[in-house]
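These notes concern the structure reproduced below.
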Amino acid sequence: MRVVARDLPTLERLFERIEREEGSADPTLAVPALRRSLAAWDALASDTAWVLCARAGDEFVGYASVVRIPKLDARLGHLFVDELHVLREHRRDGVATALVEAVSDLADRLGYAGVRLLVRPENAVARALYAGLGFTESPTALCERIGSGDT
């Protein structure tokens, strides 16, 4: 499901749980960081970015952060999965698959050529997941320049 403003408290709880799971020195900083990010650019109300979440009961248990990458040709564009995270206790429950399929469905509805993402070479579990969902790997090198802003 696409996260919208009224879902913010549930999204905040997910982000704090992720920080706790990742062993953050101060997981309570996750919510202010999320709020600061959304104040700078509201991805929850954007037509170029989406936050998709999977639920278990009343709580979010995983999310995908997705952006639109336009193309100036017949492909129209791609959706790019910038982040995908599933809480450990819900891994291997089909949550990541459901999130990736939701992104693929969105790309199809937009008439886009497909979905792209990056995965670390050592992340064999994620690579297997994506291969099983029809993704192919390419020998592309990631080039990155980190800005001077807070990270």
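Quick note: the coordinates plus some simple rules give every number you see, no bench work behind them. If you're wondering where the values come from, they're calculated on a predicted model, not measured in any experiment. A quick note on method: Cβ atoms are made from the backbone with ideal geometry, for glycine too, and the neighbour counts reach across all protein chains shown.
Relative contact order for the chain using alpha-carbon pairs under 8 Å, separation at least 6, rounded to a whole percent?
Once divided by the residue count of the chain, the mean separation gives 16 percent.
As a check on your grasp of the helix formula, calculate [θ] at 222 nm for the chain: sum -39500 (n - 2.57) over DSSP H runs of n ≥ 4, divide by the residue count, round to the nearest 500. Write out the running numbers ahead of the final one.
Numbers: 4 runs with 50 residues, N = 151.
Taking each H run of at least 4 residues, the total per residue is -10500 deg cm²/dmol.
Can you check what the net charge comes to around D42, using other residues whose Cβ is under 14 Å from the Cβ of D42 (Lys, Arg +1; Asp, Glu -1)?
+2
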With 0.36 nm assigned to each residue of separation and the Cα-Cα distance removed, A113 to S65 gains 15.4 nm
Among L129, L106, L72, whose mean-square fluctuation peaks in a Gaussian network model of the chain (Cα, cutoff 10 Å)?
-> L72
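Going highest first, how would you order 96-103, 5-12 by mean Cβ packing within 10 Å?
Output ranking for 96-103, 5-12: 96-103, 5-12.
Suppose R0 equals 30 Å; then what is the FRET efficiency for T136 and H90 from their Cβ-Cβ distance, rounded to the nearest 0.05?
Using R0 = 30 Å, I get an efficiency of 0.65.
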Using the Kyte-Doolittle scale, which helices in the chain average at least 0.0 and also have C-alpha atoms spread 20 Å or more along the helix axis, with helices defined as whole DSSP H runs?
-> 95-110
Whole number please: convex hull volume per residue of the Cα set in the chain, in Å³?
-> 145
Stretchable slack from S46 to R145, in nm (0.36 nm times residue separation minus alpha-carbon distance) | 33.2 nm
Would you mind computing, in nm to one decimal, how far apart the modelled labels at R55 and T97 are, each placed 7 Å from Cα along Cα→Cβ?
-> 2.1
Percent relative contact order for segment 20-84, counting Cα pairs under 8 Å at least six residues apart, stands at 19
Can you give the extra length, in nm with one decimal, that the chain gains between T10 and D26 once fully stretched, where that is 0.36 nm per residue apart less the Cα-Cα distance?
-> 3.8 nm
